Every structure is written in structure tokens, then in C-alpha cells.
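Have a look at the structure below, then the notes.
Computed from the coordinates by the stated procedures, all read-outs in this text should not be read as laboratory data. These numbers come from a predicted model, not from an experiment. Methodologically, a virtual Cβ is constructed for each residue, glycine included, from the backbone with ideal geometry; neighbour enumeration extends over all protein chains shown.
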Amino acid sequence: MHLLKFNWNPITGIDIVGNFKIHFYSLMWVVAFILGWYIMKRIFTKEKVSLDYLDPLFMYTVLSTMLGARLGHVLFYQSELIQDDFFSIFLPFSFKNGFEFTGFQGLASHGAAIGIIIGMYLYRRKYNYKSVLWILDRLVITVAAGAIFIRIGNFINSEIIGKVTESGFGVRFIQDEYYKSQIMKLTGINDLRKAYLAVTENSQFQNLLEAVPYRHPSQLYESFCYIFVFIILLYLYVKTTKKDQSGFLFGLFLVLLWTIRFFIEFTKEPQGEEYINWFSLNTGQWLSIPFVLIGLYFMFGYKKGSID
């Protein structure tokens, strides 16, 4: 069955000037944050919370998410950047081989989760109108929605790719298989975009295309699953009284999202140069387990008032 197999060799952004490029991956983050702001506005309005608190919440969420995601990636997957290219950790540029605009490449969802929790704690200390868990119980609805688009962005970027598959559903990630200098050398075409296109459009380079294996589109698996996480959380918030059970929606989010992540990791290639592989479980899986356990605690063991 070949209808569900296809080659993936997209334009990943819009060239502006020089090395500066607007990446579609970055635009997916923008979509995620704007959608999150809109959902939280509806929640604030529904629960008669002053919208004066909304914009500060948005800023705390954006900063804590991006900082946590970036630091999480460096600490969990790419710690060599601390010595090799330190300023690229905090800036959307690489200084290792000259000056190059790269965007913020390398963001870890586990780090983002930790960053958001810390960020909401700091936000609550300054804006004391509701409890931390009240905020988190509602914020996770927006996070689940945003995660859908982030994984689509990963797919556009041909990153966080899946393992080789012989099944009837697979994707050839052309741009992940051949690096920039390599593809120009193999095709003899000095224009990078034309070199990549030649692999899929010119029969002269059919051998290069056939050498690229079909892989699991793990990013799409995750994105699809996160749709259901969002729907479940939104349904429970709107149609039930679970939003009044402090910590329940937050805990359910942790259980659902990180359980999905745990199982989809079986279809992914290891990320980063430094990764764990204990008992056939990788870094992402080991990092997911504590979040699931914490989620179960907030769903079934937490007593209101001990954190609020």
C-alpha cells in the first residue's frame, strides 16, 4: 500500500535577506501562542476574571515556555553547546562557524513544561487573584491546543524524525537525510533549494532518492493525539465540574500528554548527541515518567489547600 507513503522535501521558510529567514516552525509557535491567548481570554470572560491579568499571564507564559524549552533541550539533549556555542543557547543565531541566523532551534517539551510551572508560580506571586492550580488547570487547555501546531512545525522542519519503517505508512525526509554541503556536492548544484528539489524532481538523481528510507512521521502521530488531549480537557472544563476540583485538569493533562509521548517515543530516532538508553527506554521516556506520576497525584491524591 503505497498511497500512504510520500516524499517530504518542503520549503521550510521564507527568505527575507541574507541568512535571515522566517521559518514556518517559528510561525507555528506564533499560532500556538495567539490561540492560547484567545482561549484564555474566553475562560477569563466566562469566569468573570479581570482581563487586566491576561496580558501579564501571556507574557509570563511565552517567556517561561521558550526559556524552559531552550534550557531543557540544552541540558537534556545538547549540553555540548555550553562550551561550543554558548550564546546560541539564548539567541536565535549560531556563532560556531561564522554568524548565521538560525531561529531558536532545539526546544524540549519537558523543559517547556517545567518552565511553565515555574513561570506560573512567579506570576501568581505578583498577581494574587487565583491559586496557582486554578491557573494551571485552565492554562493546560491552551498548552494542549498549542502542542498540536508545534509538532506540525517539527514535521515541516523534518526534525524529531521517526525510525525506519517497512509499514504501508511512511515518509522520506529528504532534508534530514542529506546535509546542506553534502546535497550540493552530490548533485553538483550550488543553490541549496534547487539541489534538494532535484532529488525529488529530476530522474537523474533517482538513486539519491531511493537511498532515503521511509520513516514513521512521529511528529504527526503526536500532533494527532494532542487533538484528543485538547478535546478531552475542553469538554471536562465546559461540561463537567472537574474544573472546580483543584489540580484535576492539570494532573489529567500531565497523564495524557506524557503517556502519549512515552509510547510515541518507541517510533522516534534518539534525539541529541547525549541521550539515555536504559532498559530500552530513551531520554524522552524517562523524563515523561515523573510527569505522569505527578499527574496521577494531582488527579487522585492531592488535597485542596496544600499548594493553593
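Each Lys and Arg adds +1 at its Cβ and each Asp and Glu adds -1 at its Cβ; summed about the Cα centre, the range 43-101 shows a dipole of about 200 debye.
Taking other C-beta atoms within 10 angstrom as a stand-in for reagent exposure, W37, W29, W278 fall in the order W278, W37, W29, fewest first. Taking the Cα atoms of the chain, the ratio Rg/Rh between the radius of gyration and the Kirkwood radius comes to 1.00.
In which sequence would H216, H73 go, from the one with the fewest C-beta neighbours within 10 Å to the one with the most? Walk me through the intermediate numbers first.
Values: H216 21, H73 24.
Listed from fewest to most nearby Cβ atoms, that is H216, H73.
Of all complete DSSP H helices in the chain, those with a Cα span along the helix axis of 27 Å or greater and a mean Kyte-Doolittle hydropathy of 0.0 or more are 24-46, 54-76, 132-156, 218-239. Shape class for the range 194-284, computed from the alpha carbon gyration tensor (a ≥ b ≥ c): oblate, with a/c not under 1.5 and a/b at or below b/c.
Using only side-chain charges placed at the Cβ, +1 for Lys and Arg and -1 for Asp and Glu, the dipole size of the chain relative to its Cα centre rounds to 1220 debye. Extension gain for L75 to I89 (0.36 nm times residue separation, less C-alpha to C-alpha distance): 4.0 nm.
Listed by Cβ neighbour count within 10 Å, with the fewest neighbours leading, F248, F224 appear as F224, F248. Remind me, relative contact order of the chain in percent, using alpha carbon pairs under 8 angstrom and six or more residues apart? This gives 21 percent for the chain. Note on the range 5-90: with charges restricted to the Cβ of Lys and Arg (+1) and Asp and Glu (-1), its dipole about the Cα centre is near 480 debye.
Label separation (K48 vs L186): 6.4 nm, computed from points 7 Å beyond Cα along the C-beta direction.
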